[in-house]
Amino acid sequence: MIVLGIESSCDETAAAVIRDGRQILSSVVASQIEAHKGFGGVVPELASRMHIEAIEATVQSAIDQSGVSMAEIQGVAATRGPGLLGALLVGFSFAKAFAFARDLPLAGVNHLEAHIHSLFLTEPYPEFPFIALVVSGGHTNLYHVTSGQDFELMGQTRDDAVGESFDKVSRMLGLGYPGGPVLERLAKQADPSDLIAFPRTLLEKDKFDFSFSGLKSAVSRHIQGNPPTTEKDKARIAASFQASVIHVLTCKILSAAREKACSRVAVCGGVSANATFIDTLKSKASGQGIQVFAPPVSLCGDNAAMIAARGHAMLEKGQLSSMDEDVFSRNPY
Ligand code: KG4
Ligand code: ZN
């Protein structure tokens, strides 16, 4: 089946065409990052307006680049939530109109489940069951995944998401948005034997929720008490913050794998582009006989190929959306 996917939940307008849930024929991402940079984060109203301006051309170029004709598209999938309501409405309404006009089935996709499906778009992909951590700007959710439809939420952040923490610390250091890539690069310049002991909050043992607000406050207090004056000072703070985050994420993923007796774990979402994190996780996991999976960097951040992949599974199961269905801002489970 050939499926058109559309994504507009945050600051990327994206469209993709995929075949049989796995083969990417095209994947176009129109990023708004430059427009939001000056504000230090995503401005919802600006995001909605920019989605409206970009959506038609983005979908058209995904179809043009796919090598299939409009008439060959057999289903439409679009993000329903979670995300920014105004932004979601643009992509989901466009998808509804496209499906209605061409009499095609429509799947309204959960963005977080789609991040997990990004793992199936390239080889090697994890066999079921596996533990999946979705780490993005808005979410830090840990799942036990037993099929392409079954996602048991084991834990989530009680305050800041990991990507959000990277973005906030980057702002504190005057390094701009998005913070993840900048902090990861800067952290490489630090001396790993001379890190600041920031908190590594693990909450209750054998529970899988996360909390990053204490870490953020500790970084803020450190910066106020010892304002960084050199690039080296900033690199030390970036590396110390990143080491705390990586320690917590790695401990929780591996302890979830033990709890569910899983020999496979996966990481997806924007923060999974962090190679320092993936390398650390791999080296800890290999000692425990656990395999680690992550999408290629091009599929870590928001994209529409993952939306089409999740939508393909829904369309195959007959899980269709009606024209009355609405978008949602918060994850329903
Ligand atoms: O999944 P995504 O593209 O959008 C959301 O659904 O939120 O994730 C964006 C987030 C941003 O907070 C960004 O700072 C973070 O992913 N990010 C990273 C890295 N690259 C992107 N965080 C840590 N290290 C990175 N290399
Ligand atoms: Zn995302």
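The values are calculated or read from the model by the stated rules, or taken from the named source; none is laboratory data. These numbers come from a predicted model, not from an experiment. All Cβ positions, glycine included, derive from the backbone under ideal geometry; neighbour counts span all protein chains shown.
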Practice problem: Could you list all residues from the stretch 270-293 that are in contact with a Leu (Cβ under 8 Å, 6 or more places away or on another chain) and either assigned to a loop (DSSP other than H, G, I, E, B) or away from ligand 1 (no atom under 12 Å from the Cβ) (or both)? | Solution: Leu281, Lys284, Ala285, Gln288, Ile290, Val292, Phe293
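Just for the stretch 257-269: of the residues that are over 14 Å from Pro126 (Cβ atoms) and away from ligand 1 (no atom under 16 Å from the Cβ), which one is surrounded by the most Cβ atoms within 10 Å (Cβ to Cβ)?
The residue in question is Glu259.
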Exercise. State yes or no: is Ala285 modelled with pLDDT of 95 or more and surrounded by fewer than 21 Cβ atoms within 10 Å (Cβ to Cβ)?
Key: yes
Quiz item: For the stretch 18-55, what are the residues that are part of a loop (DSSP other than H, G, I, E, B), free of Cβ contacts under 8 Å to residues at least 24 places away in the same chain and either in contact with an Asp or Glu (Cβ under 7 Å, 6 or more places away or on another chain) or of a type in the set (S, T, N, Q) (or both)?
Solution: Gln32
Quiz item: When both residues are 6+ apart or on different chains and their Cβ atoms are under 6 Å apart, which pairs have a first residue that lies in the stretch 295-317 and is farther than 17 Å from Ile55 by Cβ, and a second that is within 12 Å of ligand 1 (Cβ to nearest atom) and aliphatic (A, V, I, L, M)?
Solution: Val297/Ala273; Cys300/Ala273; Met306/Ala114; Arg310/Ala114
Practice problem: May I ask you to say which residue of Ser118, Ser48, Ser93 is more than 12 Å from Leu4 (Cα to Cα), polar (S, T, N, Q) and in contact with a Cys (Cβ under 8 Å, 6 or more places away or on another chain)? | Solution: Ser118
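Condition check ((1) at pLDDT 95 or above; (2) within 16 Å of ligand 2 (Cβ to nearest atom); (3) not small (Gly, Ala, Ser)) across all residues:
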position	(1), (2), (3)
Lys37	no, no, yes
Gly81	yes, yes, no
Gly86	yes, no, no
Leu89	yes, no, yes
Thr122	yes, no, yes
Glu127	yes, no, yes
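Which of the residues belonging to the stretch 34-63 are charged (D, E, K, R) and surrounded by 15 or more Cβ atoms within 10 Å (Cβ to Cβ)? Steps first, please.
Residues of the stretch 34-63 that are charged (D, E, K, R), as a first pass: 34, 37, 45, 49, 53, 56.
Arg49 - this is the single residue of the stretch 34-63 that is charged (D, E, K, R) and surrounded by 15 or more Cβ atoms within 10 Å (Cβ to Cβ).
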Quiz item: Only one of (1) without any contact (Cβ under 8 Å) to a residue 12 or more places away in the chain; (2) part of a strand (DSSP E or B); (3) not β-branched (Val, Ile, Thr) fails for Gly5. Which number is that?
Solution: (1)
Practice problem: State all residues of the stretch 169-197 that are crowded, with 20+ Cβ neighbours inside 10 Å and either within 16 Å of ligand 2 (Cβ to nearest atom) or of a type in the set (Lys, Arg) (or both); if no residue qualifies, say none. | Solution: Tyr177, Pro178, Gly179, Gly180
